[in-house]
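See below for the structure under consideration.
Just so it is clear, none of the values below were taken in a lab; they were calculated from the coordinates. Values in this document were obtained by computation on a predicted structure and should not be read as measured data. Methodologically, a virtual Cβ is constructed for each residue, glycine included, from the backbone with ideal geometry; neighbour enumeration extends over all protein chains shown.
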């Protein structure tokens, strides 16, 4: 379990990708500008909370494609971001139970 919620960090270290057994990652309410590509190595993630993040100063507007790699993911919470679309890759998550996508500006 790794919680960075409300820490106001601006950057996740790329070494986060070395936590290959991490099952829970909470990045809620931070000033993270970009998610490191190494995050895609967290194959054991079961819960990922990316809520109220200020990615690229505009909040999260592009659905992170790496999420489709998390085959054990049960909970995906991306509440209160500014996504313009949602990837069909969500349909390929065999263990998913809850997807929270409130407050979106989805156009298609």
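Under a point spin-label approximation (7 Å from Cα along Cα-to-Cβ), what is the residue 66-residue 33 distance to one decimal in nm?
1.7 nm
Using R₀ = 35 Å, calculate the FRET efficiency as 1/(1 + (r/R₀)^6) where r is the Cβ-Cβ separation of residue 46 and residue 10; round to 0.05.
0.85
Calculate, in nm to one decimal, what residue 75 and residue 18 gain on full extension: separation in residues at 0.36 nm each, minus their alpha carbon distance.
18.4 nm
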